[in-house]
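**Student:** Right, I'll just put the structure down here and ask away after.
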Amino acid sequence: VPLELSELVEDVYKKLKLTATKHTVELLRNEEGYIMGDKVIMKELIRIFLENGIKYTPEGGTITIDSHGMPHYMCLEIADNGIGIAPEDREKIFQRFYRVDSSRTKAAGQPGGTGLGLSIAKWIADNHDIGISLDSELGKGTKFILMIPLIEEEK
Ligand code: ATP
């Protein structure tokens, strides 16, 4: 089913903004584009990155969502100014049950998780030809970049 991406982004953003009382969640650009997929699954994909942003960013931090359309792709960026991810962990975080050194995770004052979120995100992305890359610096923050294939707009 063709889905309009900016509507999904807006939905997830609005819900998260209500629950994330200790962080600023900002929606910068939210460009329109049609994608192929299941609404619930695509929203789940976006939600995983946003919730991680909140989880691994100390109180008072900011999580931003930004998107820009390119030929055939929407580039969706979810960034935080939280604890960051060390270079040696960047491949491993997508594995099932992998979590970065608990001491660092605790430093953000956050409860634990199962280490499944990103492996689910990766699975969803692989099934939709969505590319995931990340840019991160320890102590500064993390940006996940999703390259989402666009389909021809419905006429
Ligand atoms: P859950 O499955 O409950 O979400 P989780 O957050 O531990 O638990 P993943 O979402 O798979 O699991 O993330 C794996 C690990 O990657 C996390 O434990 C954390 O160490 C690291 N991580 C993920 N997102 C971020 C982020 N935005 N900033 C810093 N570290 C992150």
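**Student:** Diagonalise the Cα gyration tensor of the range 115-155 and give the resulting equivalent ellipsoid semi-axes, square root of 5 times each eigenvalue, largest first, whole Å. Display every interim value, and only then the final one.
**Tutor:** Values: eigenvalues 130, 43, 9 Å².
They are 25, 15, 7 Å, listed largest first.
**Student:** Sticking with this structure for a sec: Reachable lysines from LYS140, Cα under 20 Å, same-chain residues fewer than 8 places away excluded?
**Tutor:** Straight-line reach from LYS140, under 20 Å: LYS22, LYS55, LYS92, LYS106.
**Student:** Take peptides 52-59, 20-27, 6-13 and line them up by average Cβ neighbours within 10 Å, highest first, as a rough protection proxy. Can you show the working numbers first?
**Tutor:** Values: 52-59: 20.2, 20-27: 15.2, 6-13: 18.1.
Final packing ranking: 52-59, 6-13, 20-27.
**Student:** Here's something else I'd like to know. Pulled fully out, how much extra length does the chain show between GLU88 and ILE151, if you take 0.36 nm times their separation in residues and subtract their Cα-Cα distance? If you can, show how the numbers build up before the last one.
**Tutor:** Values: separation 63, 0.36 × 63 = 22.68 nm, distance 3.54 nm.
Using 0.36 nm per residue and subtracting the Cα-Cα distance, I get 19.1 nm.
**Student:** I've got another one for you. Nearest 5 percent is fine: what portion of the DSSP beta bridges confined to the range 1-88 is antiparallel? Numbers along the way, then the final one.
**Tutor:** Numbers: 11 of 15 bridges.
Of all bridge pairs located within the range 1-88, approximately 75 percent are antiparallel.
**Student:** If I take R0 = 30 Å and measure r between the Cβ atoms of THR19 and THR114 in this structure, what FRET efficiency does the formula 1/(1 + (r/R0)^6) give, to the nearest 0.05?
**Tutor:** On the way: r = 19 Å, r/R0 = 0.63.
After rounding to 0.05, the efficiency reads 0.95.
**Student:** Using only the alpha-carbon atoms of the chain, report the extent along each of the three principal axes, biggest first, to the nearest angstrom.
**Tutor:** 52, 30, 24
Only the coordinates and a few stated rules stand behind these numbers; no lab work does. Quantities reported herein were computed from a predicted structural model and do not represent experimental measurements. Counting neighbours? That spans all protein chains shown, and the Cβs are built from the backbone with ideal geometry, glycine included.
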